[in-house]
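**Q** I am attaching a structure below and will ask some questions about it afterwards.
A short reminder: the numbers here are calculations on the coordinates, not readings from a lab. Everything quoted here is computed from the prediction, not taken from an experiment. Because the Cβ atoms are built from the backbone with ideal geometry, glycine has one as well, and the counts that use them run over all protein chains shown.
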Amino acid sequence: MKYKRLSFSFHLLLLTSCFLLLTSLIACGRRGDPVPIEPQIEKAVEEKSDERQGEKTIQKTVQEPVTTKALSAPTGLMGVYTQQGIVLTWDDMERQDVKLYRIYRSTGGDFAVAGETVTPAFTDKNAGPDKRYIYKVTAVGAAEGPPSKEIKISTEIK
């Protein structure tokens, strides 16, 4: 029985270590990537004078955002509790104009913003022991997209 318990613990530790290594490799390679900036179209300032009547009309510069496609919900949200926090990862949304990801957390009531990141990984260092958390993630570009599917993570140590 002692060896079975040790074997299970060893496999769980090995699986967690591999997950954290993979997460750090994915996150570290993306930190220096530039964040896309929304393109703007400017209308020129026009000045018209009517010298006969002594009036001058000026139109101010107006910036209009370029319309972009609506963002989809992030997929593949996964998480693991590491006793230093909860590490969350999800699929990168490469072909969409994502400026950042916003992470929401709940303990059963309303969701609150837990943080933001420009990479598809996040560590919630404010997670306490012996609690249950619910997470969801949104992508933010010109506007905030719909949320991902929710995941539940328990910080209980058995």
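**Q** Could you sort the peptides 127-133, 80-86 by per-residue average Cβ neighbour count (10 Å cutoff), highest mean leading?
**A** Highest-to-lowest ranking by the protection proxy: 80-86, 127-133.
**Q** Which value, in Å³ per residue, describes the convex hull spanned by the Cα atoms of segment 59-158?
**A** 116 Å³
**Q** With the cut-off at 28 Å, tell me which of the pairs K125/K158; K69/K131; K69/K152 have Cα atoms farther apart than that.
**A** In this structure, K69/K131; K69/K152 exceed 28 Å between Cα atoms.
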